[in-house]
Every structure is written in C-alpha cells, then in structure tokens.
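Q: One structure, as structure tokens, below. Some questions next.
The values are calculated or read from the model by the stated rules, or taken from the named source; none is laboratory data. Since the structure is predicted, the reported quantities are computational estimates derived from the model, not experimental observations. Backbone-built Cβ (ideal geometry, glycine too); neighbour counts: all protein chains shown. The area values use the complete protein model at the heavy-atom level, side chains included, leaving out ligands, DNA and RNA. Shrake-Rupley method; radii C 1.70, N 1.55, O 1.52, S 1.80 Å.
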Amino acid sequence: MVVGSNFVKSNSTGQENKIKGWISRRASLPSITEPCVSCTTFNILAPIYKRLDNENQNCRESEYRAYWFSRNENILDRLLYERSSIICLQEFWVGNEELVDMYEKRLGDAGYSNFKLARTNNRGDGLLTAVHKDYLNVLKYRELLFNDSGDRVAQLLHVESVVPFWQSRNSNIPQQILIVNTHLVFPHNSSLSIVRLHQVYKILQYVESYQKENKLSPMPIILCGDWNGSKRGHVYKFLRSQGFVSSYDTAHQYTDSDADAHKWVSHRNHRGNICGVDFIWLLNPNKYRNPLKTSWNEAVFGIIKYQFRQTSLTENDAFALLKADSPGDFITSSSFCQALHQLGLTGHPHGLSVEEMEDLWKQADVDGDGVVSHGEFQKQIWDPTRSEQQEENSEEGRRDVRNGTEGLAVGFDVKNAVLFPPEVEQGLWPENYSLSDHARLTVVFSPRRMQCSQPIC
C-alpha cells in the first residue's frame, strides 16, 4: 500500500521498501490492487494567533521569527514525508512573504501545484491547497469569498487523475474529483450557529452550480478543513443529511451516536477545550442526496429547536412563543418571523434573509393554508423527521461492472485514516505536542466503479 507514491500497486515489493509514508510506519492496510489517492488536512496555527505566554495574551509567535520559522519548517518536513496527493492547510499565514515563499518553494520543488487564498478584510491568514502533479492534474480552480459570513473563504479544485485508476484505457468513465478546502468561523456564541451553517450551505450551493454549469459527470466530492464544530453540531448533521460521510469515522467504523461522539479529538482551542473539529468529508456519486434546500431548512429548524431547549422551553411553551398573540391555536407567518428575530436568527448582517424565511415558512406550512397548526409545528419544527439516508444502490450497483459503462462513475472507498499525534485517536491531547493546536488528519481513498444516484445523473 502506498501513500507517498500514490499510484503504485501494493504487490510491488520494491516500491514498498522505498515508502516513507505514515501508513507504513503506523498502520497496516488491507491488501489492494487499485491505485490510491491520499489527502491530508491540517490547521497549522498561524503565528499571528499562536500565543507564547498565557499571562500575556498579546505575546504572539509572529513576533519571533526563529520560533515560527522553525515550527513551520517542521510542519513542512512532516507534510513532505507523508507526500499526500492532496494537502489542504488552514490558518496559512499569507500575510508573511517569507513564510509564503518557504511553503511555495519546498512544496513546488517536491512536485506540488500550490493555490493560496487570503481571508477577506486583510485578516492575515487564509488557505493553501497543494496538489501533487505526478498524480492529479488541476483542471479548474475557483475561489469562494464569504464577505457576509465572518470573512471566511473556501477553495474549489476540479482535478483529474494523471494515471488511470484502472488498466483499461477504453473506459469512458471520467476519473475526476472535486476538492474543497475551507475553515469555518469559530462558534464564539450561539448566534454564530446560523453563520456557520450559512457557510456550508453556500459551499454546497456553489459546488452544485459548478457541476451543473460545467455539465459534469458524477464524481466524488471531498470536503477538507477545520469545521470548528463537533459530531454533535448542526454543521455535522447538515452534511450527513446531504449524504456526506466523515472519512475518519468511516475508516474506524464509528457511528453518529453519542457513544462515538468523543472517541477522537483533533483540536485544543483557546479556551482549553479539546474536541474533534477537523474532517475530510466524502460524498460518492452513488449516494442519495436530499434536495439541498430541504436539508438546509431542516438544519435551521434544528437550530430553532436547540435554542428552545437551551432555554428549557417545553413543546407547548415553544409553540406559544411562535404563536405569540395570534388568534386561534396556530402560528401565523408574521408571528413566526417575529420569533426568529427574538431567537437571534434575523436582524443582523449574517442572519436569515427574507427569502430563506419564506422557504422555512413554506416547509413548516405543510398543507399550504397560510398558518402552521400545532401538528405541523410538532412534525416540522419540534420533531422534524429527517429523510433517512439511503444506503448505496443495490449490490449490483455496488460491485464492479465490467460489461458496459452506462450510468457508471468513479467513487472512493475509505481505506484508512490516521490522526497525528496518535494520542488524539484515544480522545486525549498530549501536553508535549507543539506543532499546532490541531491534529493532522490523513485519509487514503481507493477508487472503485459504481452506479451513480446523484440527481446530476
């Protein structure tokens, strides 16, 4: 199995002896005969944010060149040792020319094409995505600027495999991938829940429109980054409702249950809390997807319900709040909008738009009679029934299809996923780890042919 030389088959003993990848040192994978694609995501902690003195919060690493230079040299050493096909970095210090040159030169010399993107409003940091030219060819690159959502940004890369995933060159299955790198806003307070959800919603809207505008065949979508939210959060549930799976959890057979929610961590934040916030999400083309707007509305209803419960409101109390002074036992559109404002979901630059409120109202008013009854409130808002995730298509659609290619697409199996330092895989944060305040996550994907189920087909 190869990470460093991503497209070398596992039965090549000579090549195995030359591997420097992390998997050869830290884990063993099932024997495979297909080439693999590896992906690393890492928030490298910009020196402008790294505190050196707990007593003096203004003392930052950016003031001491020897400190940040050495730490980033160490980061690059480790990244180049792994030699992943795709590297997605967050909190990349774009404001320092020397550091930028360091990364671009070393990654460039190692065969990577580099794409950097600064956060809006001159925040000083941003993103860097590097794609190894020996394995993937970048077809198009796009930038997403969230000027209205916490000065965050995202990168979209449309790539194609340089080496065919399969030996047959007669296959007309596009061997392409869409990759996103992003860093969501930190949830400093509850009002930012809707902002973070907005950021993900805009990413998925952009990806969807990019696929349609370019008339793309179905292909896997990989979302990488620091999502600043755990498996119990609204963003996680939103992405799951869209068919995405957490690659690390898939590799380790962890579920969405509360029992598995804290099996691993990847970040110790500035408040001293440890949590799992770094994900590499995978959506295969054979995965059923709910309509994006439906999933978005359900996610917002989830935030509304969460805020009700945070204030210890019962179901009847919550209905009464939404009903306000409306005559009769129902909620009107005006009282609904007023309640959203009271909950902090509107009335500020990052809140719900008028159009989004109208969409929420239409989904809540199931029978379209202009009001929401207690039954509709209970079903759509208080206890919304999320559309069950459909499993992959029939067994026939899951296995390799050797006769014909109609309806086929390239997808990925998650072969392995590793977090570094290793202690975080046990839910612990080592005190002697100083490379970043985030763990590094690397995932290995193995391609397979599958029948697609995405609407784009």
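Q: Mind checking whether some residue in the stretch 317-325 is crowded, with 17+ Cβ neighbours inside 10 Å and not in a helix (DSSP H, G or I)?
A: Scanning the stretch 317-325, I find no residue that is crowded, with 17+ Cβ neighbours inside 10 Å and not in a helix (DSSP H, G or I), so the answer is no.
Q: May I ask you to list the residues in the stretch 339-368 that are without any contact (Cβ under 8 Å) to a residue 60 or more places away in the chain and touching a Leu at 6+ places or on another chain (Cβ under 7 Å)?
A: A339, L340, T346, M357
Q: Name the one entry in S5, S28, S24 that is modelled with pLDDT under 95, open to solvent by 50 Å² or more (accessible area, probe 1.4 Å) and part of a loop (DSSP other than H, G, I, E, B).
A: That would be S28, the only listed residue that is modelled with pLDDT under 95, open to solvent by 50 Å² or more (accessible area, probe 1.4 Å) and part of a loop (DSSP other than H, G, I, E, B).
Q: OK, next. Restricting attention to the stretch 265-273, does a residue exist that is assigned to a strand (DSSP E or B), open to solvent by 40 Å² or more (accessible area, probe 1.4 Å), touching a strand residue (DSSP E or B) at 6+ places or on another chain (Cβ under 8 Å) and farther than 25 Å from L204 by Cα?
A: First pass over the stretch 265-273, keeping only residues assigned to a strand (DSSP E or B): 267-268.
Subset that is open to solvent by 40 Å² or more (accessible area, probe 1.4 Å): 268.
Now narrow it down to the ones that are touching a strand residue (DSSP E or B) at 6+ places or on another chain (Cβ under 8 Å): 268.
Adding the requirement that they be farther than 25 Å from L204 by Cα leaves 268.
Yes, there is a match, as at least one residue in the stretch 265-273 is assigned to a strand (DSSP E or B), open to solvent by 40 Å² or more (accessible area, probe 1.4 Å), touching a strand residue (DSSP E or B) at 6+ places or on another chain (Cβ under 8 Å) and farther than 25 Å from L204 by Cα.
Q: Same structure, new question: Within the stretch 78-102, count every residue that is assigned to a helix (DSSP H, G or I), under 22 Å from R60 (Cβ atoms) and open to solvent by 20 Å² or more (accessible area, probe 1.4 Å).
A: So the count comes out to 3.
Q: Being in contact with a helix residue (DSSP H, G or I) (Cβ under 9 Å, 6 or more places away or on another chain) and surrounded by fewer than 16 Cβ atoms within 10 Å (Cβ to Cβ) narrows it down to one residue among K116, K105, K140, K133; which is it?
A: Of the residues listed, the single one that is in contact with a helix residue (DSSP H, G or I) (Cβ under 9 Å, 6 or more places away or on another chain) and surrounded by fewer than 16 Cβ atoms within 10 Å (Cβ to Cβ) is K140.
Q: For I86, all conditions in the list (1) in contact with an Asp or Glu (Cβ under 8 Å, 6 or more places away or on another chain); (2) modelled with pLDDT of 95 or more hold save one; what is the number of the exception?
A: Of everything listed in (1) in contact with an Asp or Glu (Cβ under 8 Å, 6 or more places away or on another chain); (2) modelled with pLDDT of 95 or more, I86 misses just condition (1).
Q: Taking the stretch 401-417 as the search range and keeping residues that are small (G, A, S) and within 27 Å of T40 (Cα to Cα), which one is modelled with the highest pLDDT?
A: In this case the residue turns out to be A417.
Q: Moving on to the next point. Inside the stretch 418-453, can you point out the residues that are crowded, with 20+ Cβ neighbours inside 10 Å, assigned to a loop (DSSP other than H, G, I, E, B) and either acidic (D, E) or at pLDDT below 95 (or both)?
A: Hits for the stretch 418-453 are D437, C452, S453.
Q: So, in the stretch 246-264, exactly how many residues are in contact with a helix residue (DSSP H, G or I) (Cβ under 6 Å, 6 or more places away or on another chain) and open to solvent by less than 30 Å² (accessible area, probe 1.4 Å)?
A: Selection size over the stretch 246-264: 1.
Q: If you don't mind, there's one more thing I want to ask. Condition test on E55, is it among the acidic types (D, E), surrounded by fewer than 15 Cβ atoms within 10 Å (Cβ to Cβ) and either at pLDDT below 95 or outside any loop (DSSP other than H, G, I, E, B) (or both)?
A: On the way: among the acidic types (D, E): yes; surrounded by fewer than 15 Cβ atoms within 10 Å (Cβ to Cβ): yes; either at pLDDT below 95 or outside any loop (DSSP other than H, G, I, E, B) (or both): yes.
So E55 passes the test.
Q: Determine whether I75 is modelled with pLDDT under 95, β-branched (V, I, T) and buried (at least 16 other Cβ atoms within 10 Å of the Cβ).
A: Values: modelled with pLDDT under 95: no; β-branched (V, I, T): yes; buried (at least 16 other Cβ atoms within 10 Å of the Cβ): yes.
Against the criterion (modelled with pLDDT under 95, β-branched (V, I, T) and buried (at least 16 other Cβ atoms within 10 Å of the Cβ)), I75 does not qualify.
Q: Run D278 past the list (1) open to solvent by 10 Å² or more (accessible area, probe 1.4 Å); (2) in contact with a strand residue (DSSP E or B) (Cβ under 6 Å, 6 or more places away or on another chain); (3) of a type in the set (D, E, K, R) and report the number of the one that doesn't hold.
A: The single condition D278 does not satisfy is (1).
Q: Give the stretch 259-293 a look and list any residue that's small (G, A, S) and over 18 Å from the mean Cα position of the chain (by Cα), or say none.
A: Within the stretch 259-293, A259, G272 meet the criteria.
Q: Out of the residues in the stretch 225-256 meeting the condition of being over 10 Å from the mean Cα position of the chain (by Cα) and of a type in the set (A, V, I, L, M, F, W, C), tell me which one is nearest to V200 (Cα to Cα).
A: F238
Q: Next up: Looking only at the stretch 190-209, which residues are in contact (Cβ under 8 Å) with a residue 12 or more places away in the chain and either of a type in the set (D, E, K, R) or open to solvent by 10 Å² or more (accessible area, probe 1.4 Å) (or both)?
A: Scanning the stretch 190-209 gives S190, S191, L192, S193, R196, H198, Y201, K202, Q205, Y206, E208.
Residue by residue, here is whether (1) touching a Ser or Thr at 6+ places or on another chain (Cβ under 6 Å); (2) over 15 Å from I194 (Cα atoms); (3) hydroxyl-bearing (S, T, Y) holds:
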{"site": "S312", "(1), (2), (3)": "no, yes, yes"}
{"site": "I331", "(1), (2), (3)": "no, yes, no"}
{"site": "L360", "(1), (2), (3)": "no, no, no"}
{"site": "Q363", "(1), (2), (3)": "no, yes, no"}
{"site": "F377", "(1), (2), (3)": "no, yes, no"}
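Q: Let me ask something else about it. Go through (1) open to solvent by 10 Å² or more (accessible area, probe 1.4 Å); (2) of a type outside the set (D, E, K, R); (3) over 21 Å from F420 (Cα atoms) and name the single condition G229 misses.
A: (3)
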